[in-house]
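The values are calculated or read from the model by the stated rules, or taken from the named source; none is laboratory data. Predicted model only: the values in this text are computed from it and were never measured. Ideal geometry is used to build each Cβ from the backbone, glycine not excepted, and the neighbour counts take in all protein chains shown.
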Amino acid sequence: MVWIRATCNLDFQMGESTPLIFMLRPRSGVQQWVAREAYTLLPSVPVVEYTDIFGNLCQRMVAPAGAFSVHTTADVRTMDGVDKAPGACFVDIQNLPDSVLMYLLPSRYCESDRFGNLARDIVDGVRLGYDQVSTVSDWIRNSVRYTPGSSIFPLSAVEVNGQGEGVCRDLAHLGIALCRSISIPARLVVGFLYGLEPMDLHAWFEAYVGDRWYTFDPTEEVPRGGRLAVAYGRDAADVAVYHQFGPPALFSSMDVRVELLDAPAV
């Protein structure tokens, strides 16, 4: 296990009073423990927090006209590696937990109903379960260029497969669609990754095999630890860092930092 400090600063210029929903607070879980966090709004406004259907912490507020900023930081104990389980079994649909079933279905950016033939070709002869997902992730890494900054808006799995290039979120969409097309539940994860270059928020995917979720990251030859998951969902439509409603506001800057801590925060 390692301790990291993840910081995210967002700056806006609001033309008028604007409703916003943010998704910036991580939750403690099996593989991460949030020891300390701070969440600052300038200017300060009333906030209502709720938990969405995926278990993510969401913050509702109305930002006033003019400059508005959000500053978050969290000290977290997290895994120093990624769990691997070659040979972990495929879970029959009838044995999946109810909460996992939604991650079998096509979604806005993961058109899994259009990838059955390709997925079966990729995993032909591969043992069912974890090994299939690992093979899918390797195929994406070798077939689709990971190019930070290459897409501003999310690409669907069909789009990134045709384009042959995308950001981390786009590659994850393709991995999710391919997994779902062979009846393996898969979901998108957005969060922080220590040592990411260039530093930014990061996205990867998880697949449900062997009766639990495992991490896969097509942007890395060997997925590493130092991850802080902030949000989970079917695809990018569910895990946006913020949603803005009404007239467009100017998003002026975002600064993301992830530091390694020597000892637990006090």
_For the list (1) in a loop (DSSP other than H, G, I, E, B); (2) of a type in the set (G, A, S); (3) under 11 Å from the mean Cα position of the chain (by Cα); (4) within 15 Å of V136 (Cβ to Cβ), I need the number of the one condition that A172 fails._
(1)
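From the residues in the range 150-160 that are in contact (Cβ under 8 Å) with a residue 40 or more places away in the chain and not hydrophobic (A, V, I, L, M, F, W, C), which one is farthest from Y242 (Cα to Cα)?
S156
Output yes when any residue across the range 139-147 is among the charged types (D, E, K, R) and under 15 Å from the mean Cα position of the chain (by Cα), and no when none is.
First, the residues of the range 139-147 that are among the charged types (D, E, K, R): 141, 145.
Keeping just the survivors that are under 15 Å from the mean Cα position of the chain (by Cα) gives none.
Looking for residues that are among the charged types (D, E, K, R) and under 15 Å from the mean Cα position of the chain (by Cα), one finds none in the range 139-147, hence no.
Of all residues being aliphatic (A, V, I, L, M) and part of a loop (DSSP other than H, G, I, E, B) in the range 61-81, which is nearest to V241 (Cα to Cα)? Just the residue, please.
Going through the range 61-81, the residues aliphatic (A, V, I, L, M) turn out to be 61-63, 65, 67, 70, 74, 76, 79.
Subset that is part of a loop (DSSP other than H, G, I, E, B): 65, 79.
Working: A65: 20, M79: 23 Å.
Per the criteria, the residue is A65.
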*Quick one: which of L155, L128, L118, L188 is assigned by TED's automatic domain parsing to the domain that holds E206, outside any helix (DSSP H, G or I), over 16 Å from the mean Cα position of the chain (by Cα) and surrounded by 15 or more Cβ atoms within 10 Å (Cβ to Cβ)?*
L128
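Yes or no, residue by residue, for (1) farther than 20 Å from D52 by Cβ; (2) without any contact (Cβ under 8 Å) to a residue 12 or more places away in the chain; (3) in contact with a Ser or Thr (Cβ under 6 Å, 6 or more places away or on another chain); (4) not charged (D, E, K, R):
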site	(1), (2), (3), (4)
D211	yes, no, no, no
Y214	yes, no, no, yes
T219	yes, no, no, yes
R224	yes, no, no, no
V230	no, no, no, yes
H243	no, no, no, yes
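Is there a residue in the range 47-63 that is among the hydroxyl-bearing types (S, T, Y) and out of contact with any Asp or Glu (no Cβ under 8 Å at 6 or more places or on another chain)?
Our first condition is that a residue be among the hydroxyl-bearing types (S, T, Y); within the range 47-63, this holds for 50-51.
Checking which are out of contact with any Asp or Glu (no Cβ under 8 Å at 6 or more places or on another chain) leaves us with 50-51.
For the range 47-63, residues among the hydroxyl-bearing types (S, T, Y) and out of contact with any Asp or Glu (no Cβ under 8 Å at 6 or more places or on another chain): present.
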*Under the condition of being buried (at least 21 other Cβ atoms within 10 Å of the Cβ) and aliphatic (A, V, I, L, M), which residue from the range 202-227 is nearest to the chain's Cα centre (by Cα)?*
A203
*Check S28 against each of (1) under 30 Å from M102 (Cβ atoms); (2) exposed (fewer than 14 other Cβ atoms within 10 Å of the Cβ); (3) modelled with pLDDT under 95 and name the one condition it does not meet.*
(3)
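Test V167 against the criterion of being of a type in the set (V, I, T), under 18 Å from D235 (Cβ atoms), crowded, with 20+ Cβ neighbours inside 10 Å and modelled with pLDDT of 95 or more, and give yes or no.
Working: of a type in the set (V, I, T): yes; under 18 Å from D235 (Cβ atoms): yes; crowded, with 20+ Cβ neighbours inside 10 Å: yes; modelled with pLDDT of 95 or more: yes.
Against the criterion (of a type in the set (V, I, T), under 18 Å from D235 (Cβ atoms), crowded, with 20+ Cβ neighbours inside 10 Å and modelled with pLDDT of 95 or more), V167 qualifies.
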*Across the range 198-224, what is the number of residues that are modelled with pLDDT under 95 and out of contact with any strand residue (DSSP E or B) (no Cβ under 7 Å at 6 or more places or on another chain)?*
4
*Would you say R25 is among the basic types (K, R), in contact (Cβ under 8 Å) with a residue 60 or more places away in the chain and touching a Phe, Trp or Tyr at 6+ places or on another chain (Cβ under 9 Å)?*
yes
*Output the qualifying pairs, or none if there are none: Cβ atoms under 8 angstrom, residues six or more apart or on different chains, first residue in the range 56-72 and closer than 14 Å to E16 by Cα, second residue part of a strand (DSSP E or B) and acidic (D, E).*
A67/D11; F68/D11
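Applying the selection to the range 82-104, what residues are in a helix (DSSP H, G or I) and either among the hydrophobic types (A, V, I, L, M, F, W, C) or closer than 16 Å to V126 by Cβ (or both)?
Those that are in a helix (DSSP H, G or I) and either among the hydrophobic types (A, V, I, L, M, F, W, C) or closer than 16 Å to V126 by Cβ (or both): I93, V100, L101, M102, L104.
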_Matching option when the condition is in contact with a Phe, Trp or Tyr (Cβ under 8 Å, 6 or more places away or on another chain), crowded, with 20+ Cβ neighbours inside 10 Å and farther than 30 Å from L96 by Cβ, among V258, V239_ = V258
